[in-house]
Structures are given as structure tokens and as C-alpha cells.
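The values are calculated or read from the model by the stated rules, or taken from the named source; none is laboratory data. Note that the coordinates shown come from a computational prediction; the quantities given were computed from them, not determined experimentally. Cβ coordinates were reconstructed from backbone atoms using ideal geometry, including for glycine residues, and neighbour counts include every protein chain displayed. Only protein heavy atoms, including side chains, enter the accessible area calculation; ligands, DNA and RNA are left aside. Shrake-Rupley method; radii C 1.70, N 1.55, O 1.52, S 1.80 Å.
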Amino acid sequence: MGCCRSSLRAVTHPHPEKPPGAGAAPARRPSFSASAHRAAPPPAAAAAASGSSSEAGFAEFSLAELRAATGGFAAENIVSESGDKAPNFVYRGRLQQHGQGPRPAIAVKKFGKMAWPDPKQFAEEARGVGRLRHRRLANLIGYCCDGDERLLVAEFMPNDTLAKHVFHWENQTIEWAMRLRVAYHIAEALDYCSNEGRPLYHDLNAYRVLFDENGDPRLSCFGLMKNSRDGKSYSTNLAYTPPEYLRTGRVTPESVIFSFGTVLLDLLSGKRIPPSHALDMMRGNNIQMLMDSHLEGNYSTEEATALVDLASQCLQYEARDRPHTKKLVTILEPLQTKLEVPSYEMLGIPKHEEEVAPPPAPQPPQHPLSPMAEACSRMDLTAIQQILVSTHYRDDAGSNELSFQEWTQQMRDMLEARKRGDLAFRDKDFKTAIECYTQFVDVGTMVSPTVYARRSLCHLMCDQPDAALRDAMQAQCVCPDWPTAFYMQAVALSKLDMQSDAKDMLSEASQLEEKKQKNSR
């Protein structure tokens, strides 16, 4: 698998002139620094605090880390999906963390294949967004650029979206004071982004407004990047799209203000109303018809009129007639009420309690271990090497079907490269073995799980656990039920200090091996 991570692996900090906080993690691991917040800090602990910005870690993650965090990108962990030409998914997950304490919760956006073909461009875009830190944002804390995989990693917001609370609520609708708070907080987020040189936000709508563990509204950082390099900036119905975007296909800062106006309509009405229809009601002074009936009149007419007027300004046809983000904040700030009431009370959700560390991971089943299982559980790389030498290529049977032409044109050179790799592997010349096995793999005519397993061990011997894990996973792709592939992943995960995942993988490998032995009897 190709990889663009080698030159980008180091953790970056948004303010290089200031030293990172004490206790920052080593460079190959994500760094999370906690700062003060008006309420409790989020589990990911990378969130910004009071004021406009703060220092927080930003890292490049390996695909293996994010796969482990999301349970292998399991379908049950999908929290949203969108896109036509560039489909993408957002998964919830938990990062493995050194030391004690709960594993930080994250949201992982997985882009469609080839959404961002240039890895450097994707990395630069992600770093630009990653420099932003604000208490009103669900902050971007990292990214992954591995082969043709492109992923973003953000703080996870556990209390759903504005769309859920306004359109699809179950127990209670959002009260008026909370709606004003949402508008104000999102205006603050947009103003901060604009002041930091990132005024463009793609497809701002009620699904982009998230609620953190304390019920406070945050703007998703994912909208600060498009779904693909050349993709559309708006995926919603054309009726909600800024008129200038329909004409030019370009997003401008004024387009973002128009979209903010549609969010204000959502807050006012509790339903999706096309801006053109809403403006007709506003012109006819039919504010009562516009307001959400589920509020049952429990709102200030003066505040509602001010919000309707602001929405009208944002939805002006001419972009130049719309207000700047600073004006949004100035108008919305005096409308804030119930400042002493926490957001979770107004949302009707339980108060957030700090998570406790999970109990130790269960031990693998107690049954006699095979030599390979024994060696992996002891992390005895020398013993693993001897086992791989002795088993030779007997598990590769049936992995390849080659045409006569392929045999005659490429097989001789490829097998010669593998033979040199085998000799180097036997003689424990692991760097040479990596080079030779890589020549074999790069030709691509023949696929060998054993070569991947051997190269994985070579990477471990050379203190390259990330590369070792990738090769072990490739071996599993070639031979899905091969215990050795799982054993090698277990060793690599352990080297990456992902002990819980390593134990689970070791247990799975042992079960597969036991099943294989029963079937062969």
C-alpha cells in the first residue's frame, strides 16, 4: 500500500512560537492538551477554552489507529453519511491513550476514494483547519493520509445535531432561550473563523450544528473543508442554496451568511422552509405564521422580531446587502437570556459526568498456546522469525492464479527478488529483506501473505511498528482467516502501545488457529 505519511508524521501545534503544554505526547502519537472552559472540558481534551483560541494538539494519525478506534469502521459506528459524487461517512470512535483515564471520544470523517488525490494538498488543507481552536467549534484534532485514504479527526459531540433537536425531537422541543443561544454561539464561531482567515464554510445547515457533552452548541469543523477537492460545496436542496452559488458555483463569505440565515429560519420555525417562502411571510408581517407552533407562544415578541429581521438581512438576494459576521454577533449578544442556566438543562439532557477508566480488557481464553501464539504473547521476535522460516510458504497455496504470459514475462525476476529476500530474512539481514520483498510486492503479479508477514516482522525488527501493522493487515486482506496475519497484527499493536487491541487480536488469532486445527483433523 502506498503511503504519504512519512514526511508528515510529526505533531504540529497551532502556535509554534509558544511551547506545547507540559505532558505533550511523543511525536508519533496524537497530543491532547486541556485548557480552561466555561464548563467542563470535552473528553478529547483538545478543545479550546475561554477567549478566542488556545493551544491544542494536532496530529497525523495512522490508518491503523483510526481503524482500531472505530471498530474497523463498523457500520454501527456511522453517525452520518452524505455526498453523491463524493460519498463520505462520519464515524464515532475512541482513541487508545497512554496511561490511566478514559479513552478520548472522536469523530472520524472518511472521504470517498480519490476525493483528494493529492495527499499534499489534503494535508495542507487539514493543517489549515487544524490551526483553529475555539470553544464554539468542534475542533479538528488530526487527519490521516495513507495511500488513497483521506480522513479527518475531530472532537466528538455526543448530544446530536440541531436538526435532531429542532426537526426530530422526541421528549421536548428546544426552548426559545436555547434557540437564541445556538444562533449566538454559531455566529461567534463564524466570526472567529473569519477573523482567522478561514471565512468560507461549506454547506452550513442544521446538521452542521452539534451539541457537546454539556449541551453547548458547536459548529462542526468538517464544513471548513469541502467533501472533495473538486466537489460541490452545497449538498442541500437548491431552494436553500445562495443565489450567487447557483450562478457561479463558488462559495464566498457572503454565501456563508446566507446559509446562516437558513439556520435562523430553522430556529424560528422548527421546520425546513425555503428562504423565498420565508421572505414572503416576513414581507407580509406574518411572523406568527413563521414561528414554531411547538413553542406555544413561549417567546418574546421583541426578540423574535429581532431574529426575523436578522434572518431577512442574511437572506438578501444581493450578496453585498448581507451583514458581516461581526454584525451577527453584535445583534445576537444582547438577546441572550437565562445565562445562568446550563445548556443541558434547556435541552433536557442529563448532566455530563466524567467518565471513569474502563475495566481491564479480558484476557485471551486459557487454552494451550501454539508456538506462534506463545512467541507473540512473549513478544519474542526472534522466535517468530524462526517459525516463519520453518513454515516457509505452505500457507500461500491458492493465493495466486497467473496466466502463461505473466509467468514468462515477470515471474523469473519476481521470484528471484523473493528468493533474495528469503535468504536475507533467514540470515536476519532485515533491511535487505525489506528491500527485496518490496521489489516482489511492487510488481503486483503475485500476491503472497507470507511475504507480507515476513516483511511485517522485518519492520518490527527495524522498530517500524506502523509499517509492520500495515503489512500484517495486508496479509489478512489476502488471506482473511490466516492466524499468522492476526498474530503479527497483535505484536505490531502491542509495539504501538495499543495493548487492549493487541490482546483482542491475539485472542482472535488463537481462536482462528484452534478452528483451523479442528477442521484439519
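Multiplying the residue separation of R426 and E296 by 0.36 nm and subtracting their alpha-carbon distance yields 38.9 nm.
In the context of the full set of protein chains, residues of region 158-342 present 43 Å² of accessible surface per residue (probe radius 1.4 Å, heavy atoms only). P371 sits among other residues whose Cβ lies under 12 Å from its own Cβ, and their net charge, with Lys and Arg +1 and Asp and Glu -1, is -2. Entry note, region 57-153: relative contact order of 29 percent, from Cα contacts under 8 Å with a spacing of 6+ residues.
Pop the C-beta distance of T438 and K120 into the FRET formula with R0 = 25 Å and round what comes out to the nearest 0.05. Before the final figure, lay out each step's value.
Working: r = 23 Å, r/R0 = 0.91.
Step by step, r from the Cβ atoms, then E = 0.65.
What region 369-518 shows is 48 Å² of accessible area per residue, with the surface traced by a 1.4 Å probe over protein heavy atoms.
Carbon and sulfur together cover what percent of the accessible area of region 57-153 at a 1.4 Å probe radius?
Roughly 46 percent, rounded to a whole number.
Per residue, region 57-153 exposes 36 Å² of accessible surface when a 1.4 Å probe is rolled over the protein heavy atoms with every protein chain present.
Which shape class applies to region 238-277: rounded if a/c is under 1.5, otherwise prolate when a/b exceeds b/c and oblate if not, where a ≥ b ≥ c are the square roots of the Cα gyration tensor eigenvalues? Show your work: numbers first, answer last.
Values: a/c = 3.56, a/b = 1.83, b/c = 1.95.
Oblate, because a/c is 1.5 or more while a/b does not exceed b/c.
Of the residues S300, S390, the one with the largest accessible area comes first in the ranking S390, S300, computed with a 1.4 Å probe on protein heavy atoms. Nonpolar atom fraction for region 158-342, defined as the carbon and sulfur part of the 1.4 Å probe accessible area, stands at 49 percent.
Look at the dipole of region 369-518 built from charges on Cβ: of F430, A485, S390, the Cα furthest out on the positive end belongs to S390.
Between M289 and E508, how high is the FRET efficiency from 1/(1 + (r/R0)^6) when r is the Cβ-Cβ distance and R₀ = 51 Å? Nearest 0.05.
On the way: r = 60 Å, r/R0 = 1.17.
So, using R0 = 51 Å, E works out to roughly 0.30.
Run the accessible area of region 369-518 with a 1.4 Å probe and give the carbon-and-sulfur part as a rounded percent. Let's see the in-between values first.
Values: 3440 of 7240 Å².
Carbon and sulfur: 47 percent of the exposed surface of region 369-518.
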